[in-house]
Structures are given as C-alpha cells and as structure tokens.
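A short reminder: the numbers here are calculations on the coordinates, not readings from a lab. The structure displayed is predicted, hence computed values, not measured ones. For neighbour counting, all protein chains shown are included, and Cβ atoms are generated from backbone atoms with ideal geometry for every residue, glycine included.
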Amino acid sequence: MNALLVLEQILNGLQLGVMLFLLAAGLTLVFGIMDLINLAHGSLYMVGAFVAATVTHWTGSFILGLLAALPAAAITGMAVEWIALRSLYERSHLDQVLATFGLILFFNELVRIVWGPRAIFMDVPQALSGTVEIIPGAPYPMYRLAIIVVGIAVAAFLYLLITRTRVGMLIRAGASNREMIGALGVNVRLLYTLVFGLGAALAGLAGAMAGPIFAVEVGMGEGILILTFVVIVIGGIGSIRGALVGALLVGLVDTLGRAFLPGLFRLMLDPATADGVGASLASMSIYILMAGILIWRPSGLFPAHG
Amino acid sequence: MCRKLRFILTIAAAAGVGFTAPALADGIKVGMITTLSGGGSSLGIDIRDGFELALKQGGGKLGGVPVQLIVSDDARKPEVAKQIADRMIKSDKVDIMTGIVWSNLAMAVVPGVTRGGTFYISPNAGPSALAGKMCNENYFNVAWQNDNLHEAMGQHVSDKGFKNVYILAPNYPAGKDALAGFKRFYKGGLAGEVYTKLGQKDYAAEISALRAANPDAVFFFLPGGMGINFLKQYAQAGLNDEIPLFGPAFSFDETILGPVGDAAVGVYNSSQWNADIENAANRAFVADFIAEHGRRPSLYASQGYDAARLIGSALAAVKGDMSNKSAFRLALTKADFESVRGNFRFGANHHPIQDIYIRQVYRNEQGELTNKIVGKVFSDHQDAYAKDCIM
C-alpha cells in the first residue's frame, strides 16, 4: 500500500460518488418536494442507458446517444408522473412503495420485450477511450475522469438553478412548505411534473454515462437505487447540497472500504479470515456510516425541512 | 423507513414471482427454480431455454413421457428460492426439481428438497458441500462440481509458466470453491486473492489494487453481469495489453461476450462444453437452439438441455413410472443419453466425470463473438470431494 494507490482509490471513490449524485439529486427533489417515494427512479436510469446504447449503435456517436437519453428519460419520467404517480401524492408511503415497485416490474418487462433478455453492447467513445497519468505511474481511465467533470458541472448547474432562478426559488419553497406555495397561487401540479422531469433526465444522464462502464441490462438500476436511498437519507431528504455531500461520502467510504479493509484486517488475522471479514465489513461500511450519521443528526446532514 | 422498505420489497418480490405455467392434466411434473430477473438473469434464461428446447424436440415429452414444466423466478434471492421450493413441493407436488443457478441458493434449497425425497437435478450450481459430506442419493449434478473448470484453468496457467497470479471471485460458496479449485492445480505464487461482493458492478477499486500488485496474469471468476462489468472496466484501465486475463467459461460465455465487445478477443477460458464439439447430439442442439432463439447457446443452455435429456433417459428406463424411486434413481446414475459434451458419466457422488477443454474467444464468420476449443486439459476429470461422500 502506498500514497499513490490511496490517491487513485480516492479518485475512484469520487467517480462513484458523482454517479450516485446524479441519481440522488433527482430522487431527493422528488422525495423532498412531492413527499413521494419513487422506487422506479432506477428504471429511468435503465431507460437512459438502453436508449443511449441503441442510439449510439445506430448513429455511431456517443454524444448523440447521450443527447437522446436525456429527453427519453425525462419524457418517460413525466409520462409516469402524469399517468401513475399523480394520484399517489395524497396516499401513504407504503402505497407509493407498492405502486412504484410495480413500475419497476413493468419497466423491466417492457425493456425485456423491446431489447431482449441479454445485456447489450455500449463502448466508450473513441476520444475518451485512453488513459491519462494524472497520478504518476497509475494511468487512470479518461472516461472516468470525464464522468467526474460532468458530475461537477451538473452540481454547479443545479446550484445556480436552485439558488439563482425563479424555478429554483419555487423548488426551495416547495421543499420547505408545500401547502403554502399552493396557497400563494403557484401551479403546483406543473411544478411537480417539471421537477419529476428534471430528476428523470438526471437519472437518464447517469444511465447513459454508466452504459460504457457497466453492463447495460434489465434490472441494472436496482442495485444502485439502494445506494442512492442511503445517499439521500445521509444528506437529508430534499437537499441538493445534502445529496452531493452524501454521494461523495458514500462513494469514498464504499471504495476505500473495499480497497483497504481486507489489507487492514490482514495485519491482525490470517489471510483467509481477513479477506472474508474485510470483504463483509466493506460491504456493510456505508450502512454503518448511515447509522452513525443518523445517530448524530437524525434528519441527515442538511435537512431541507425546517 | 429503510427496514419497512425492504420488507415491502421482499413481499412484493415474492408476489411478483408467483406466476406459473398453466396446468396440464397429467404427466411428470418438473419444477424449475431459476434466475430470470436482475443481473444474473442471462444464466437462468439460457438454462430454461435449453431445457425447454429438449422438451419441445420431444413434443412435450421427455423420454416419451409427458412432462409438465413449472418455471419460477428466484431473482437470485435465497429466501425467495426457498419459498418457491416449498410451494412446488407442497401444492404443485412436483416429482423432480431443477434450475438453480447460484450456489448460495442451492445450499438454501437443495438439502431440504432431497431429504424430503424429491429428486433434484442441478443444471449449474455444484457447491463442494453437496459433492462431499452433504451429498444425497436424490441429488444429481449434470453440469460440474464448482471447482472443476477452475481446476483446469489452474493447470493451464501453470503449464503456461505464470508464476505470480492475481485471483478474484465473488464472496459466496461458488466463489470460494472457484479459488480453491484454481489453487489446487496452480503451482506458482499469488500476487493477491480478492473476494468481491456478489452482484458488484464497479470494480475500479479492485482494478487499481490489482495494478499496484503487479501480477504476471489475472484469473477471475465473475459470471453474468459481473463479468461484463469487470471486463469493460479492465479494458478501460488499459490493462488488456499489459496483464493477460484467464478465467472459467463463466467469465466468457456468449451472454457476456456480446456486450463486452472486442475487449475479450483472444482470451483463454476453460469449459466442459462448446458449440464446436463434434457429435450428433451437439450439432442438433446448437442448430435448433439458434433456429429457435436467434442467438448462440451458452454453456448454461447446454447444461439445461442435458438436464432435460438426463431426466428423459431415466423416465424412458422406468417407462414414466416414478412410484419406484430406487429404480428411477438407478436409471439416473447410468446417465444413458448422448450428452452434448460427448464424454460424460456420473461418479459415485452423482457428479460428472468428464473432459475439460481450453477455449479461446474469437469473432466468427458472422461477426459474432464466441469460443472455439484449442486444447484439452483434463480427461475423465472427477471432483476432489467424491471421497467424502457417503450415501
């Protein structure tokens, strides 16, 4: 173990964090403003990945694939909000969970009908396929660096949107008191649909960028959704800033845990036991982090509700 | 809230997998529990499609006996698989069970099933415990014992003169068996031995650590979506040209190669089966599978197909009468059918004695990525646990 490896692992953690942030930003807005638990957020990520892979395959251009995935996910999201979720706002969280779980099954089946049961191919764009040595002696995939850059850009865009624009003001107001902005004459339904569309587009962006790294397959959004929920609970529901901090924390803790815990245990135990214990503890580490933060701050790091 | 969420998810998952095939009047009932959704679904889908192909070729019969197949999705969750098994035995009253892909699910389900007197034919999972101390007279594995393909790769990597290999597998029974099998025949030293989470998607941390360990080769066992993720990320890290990869067929089957693309071309892997093995049964299987599904069969499909044909051979021997269980069992142990892999028979612990080959990934004339056999590592290979099995 050396300093360079630690640095490289921190970069890996950042990259995972940024990916989680794209998903968590949409989820936390929907959860915070509409008070809706949307388990089908991972399905929008999957839709983004499949559309991006298909369009990239047709046109040969990753950029076109990415550009197609954003509106495809946003339109799918808004349609789902319009058709299915609108009637669920007044219902309990359990009803919402059941209904949106049903949507997961629906989308999985739909994708299977359209694209078939097997994972599909999506390659890294030519311009980003190489590696760069930003840390000497450890070439890092350029594509992963690009993801970090895009993630930071999206975070900056959301920051400006939320703090500097009228829509952002309404979103913030909605997160702190929903009834009040309705009473003040704001078209809450339209605001909800727009926010949902924005969240869906971010999920689609995450899916499209994940395509070249991960398997583009049915059910690809389910594993990452659990992590995303952990992120928004840590960050405080409804807070974009919380989502960013939470996502980076989860990304770093998960990556560094996997990278270094087995080695740490090997100092004390025999290798076989150390690997077993280390691997198990590493997969628990983010939940331990979540429990710790919730004990310290029960409503997350940056709660949106006053 | 999270615990509530998970509870609801479990209930919903259990409800969601409740669909079964419509019931037929009579015949032998075969219950198939397999993984049809989530990241491991490509394996279960191929096993099911292989099994159904044999059934279809027989016109709804196996060995001339009408067979009703009941398929249920376990979503790679042990608790779901257990519930389905209980339902199939108690309310569907199946005669034979099959289908489980993952060894952790097999360990949860199979011992209870076979102890209760139901036959279980494994088309995939072959955990070491079930081949050795926990073997059962009603349990048959038609594919392999988990260690087998990894043992062959250990031998191959040693033969090629590699001395410092980095090995990696998921943290579940088959992952442990895999690395144990590899180390049984590999003679050199280890640059690292890593267990990852089952179903893990991002291997950036492992790949960084791997590069830092500076091995002369990498052996990895990551089936299904895990393998796709790892291979893509390995190539993106620029390691493809630096450190050669080796693995069992599970890391390079046809469902993985398509989505991975050229990153895997030229890689060597070990298998008990391949589409180019020359025999009449295999030719018919490969041609009919491609005609039926429009894709090339993987080794999982061949295993599902052989599971159906093994059942057919035993049903034919007892003429569809399963009331005499010991006669049916005896017929199964004879494995009196032409396996698509050629040389195949059962050892005393009801696990295969067979040849294991080395395959290489290449692009065929149609431009599809697939495997070709380039050599044989073991002939009449048997697992290391047979001696612990007392039936």
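The residues of the stretch B:253-271 that are within 14 Å of another protein chain (Cβ to nearest Cβ) and buried (at least 24 other Cβ atoms within 10 Å of the Cβ), listed by number, are B:253, B:255, B:256, B:257, B:259, B:260, B:264.
Is it true that residue B:249 is aliphatic (A, V, I, L, M) and more than 11 Å from chain A (Cβ to nearest Cβ)? Yes, satisfied. In the stretch B:53-79, the residue that is farthest from residue B:110 (Cα to Cα) out of those that are among the polar types (S, T, N, Q) and assigned to a strand (DSSP E or B) is B:68.
Reported count of residues in the stretch B:106-146, each being within 24 Å of residue B:49 (Cβ to Cβ) and among the aliphatic types (A, V, I, L, M), is 8.
All told, residue B:155 falls short of being under 26 Å from the mean Cα position of the chain (by Cα), closer than 28 Å to residue A:207 by Cβ and of a type outside the set (Asp, Glu). Annotation: of all residues in the stretch A:1-50 being under 18 Å from residue A:212 (Cα atoms) and more than 15 Å from the chain's Cα centre (by Cα), the one that is farthest from the other protein chains (Cβ to nearest Cβ) is A:50.
Can you confirm whether the stretch B:218-228 contains a residue that is touching a residue at least 40 places away in the same chain (Cβ under 8 Å), surrounded by 22 or more Cβ atoms within 10 Å (Cβ to Cβ) and in contact with an Asp or Glu (Cβ under 6 Å, 6 or more places away or on another chain)? Step through it out loud before you land on a result.
Of all residues in the stretch B:218-228, those touching a residue at least 40 places away in the same chain (Cβ under 8 Å) come to B:218-226.
Checking the rest, the ones that are also surrounded by 22 or more Cβ atoms within 10 Å (Cβ to Cβ) come to B:218-226.
Okay, now just the ones that are also in contact with an Asp or Glu (Cβ under 6 Å, 6 or more places away or on another chain), so B:225.
Within the stretch B:218-228, one or more residues are touching a residue at least 40 places away in the same chain (Cβ under 8 Å), surrounded by 22 or more Cβ atoms within 10 Å (Cβ to Cβ) and in contact with an Asp or Glu (Cβ under 6 Å, 6 or more places away or on another chain).
For every residue, the table says whether it meets (1) under 30 Å from residue A:11 (Cβ atoms); (2) more than 10 Å from chain A (Cβ to nearest Cβ).
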site	(1), (2)
B:155	no, yes
B:159	no, yes
B:181	no, yes
B:200	yes, no
B:203	yes, no
B:214	yes, yes
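Any residue that is out of contact with any Pro (no Cβ under 9 Å at 6 or more places or on another chain), of a type in the set (A, V, I, L, M), crowded, with 24+ Cβ neighbours inside 10 Å and in contact (Cβ under 8 Å) with a residue 40 or more places away in the chain - is there at least one of those in the stretch B:290-306? Yes; the residues of the stretch B:290-306 include at least one that is out of contact with any Pro (no Cβ under 9 Å at 6 or more places or on another chain), of a type in the set (A, V, I, L, M), crowded, with 24+ Cβ neighbours inside 10 Å and in contact (Cβ under 8 Å) with a residue 40 or more places away in the chain.
Just for the stretch A:131-157: of the residues that are touching a Pro at 6+ places or on another chain (Cβ under 8 Å) and facing chain B (nearest Cβ under 9 Å), which one is surrounded by the fewest Cβ atoms within 10 Å (Cβ to Cβ)? First the steps, then the outcome.
Of all residues in the stretch A:131-157, those touching a Pro at 6+ places or on another chain (Cβ under 8 Å) come to A:131-133, A:143.
Those still in the list that are facing chain B (nearest Cβ under 9 Å) too: A:131, A:143.
Numbers: A:131: 17, A:143: 21.
Residue satisfying both the conditions and the ranking: A:131.
Out of A:103, A:184, A:160, one residue alone is surrounded by 13 or more Cβ atoms within 10 Å (Cβ to Cβ) and not acidic (Asp, Glu). It is A:103. Considering only residues in the stretch B:183-197 that are more than 9 Å from chain A (Cβ to nearest Cβ) and outside any helix (DSSP H, G or I), the one that is surrounded by the most Cβ atoms within 10 Å (Cβ to Cβ) turns out to be B:186. For the condition part of a helix (DSSP H, G or I), touching an Asp or Glu at 6+ places or on another chain (Cβ under 7 Å) and either among the β-branched types (Val, Ile, Thr) or within 30 Å of residue B:35 (Cα to Cα) (or both), residue A:163 does not qualify.
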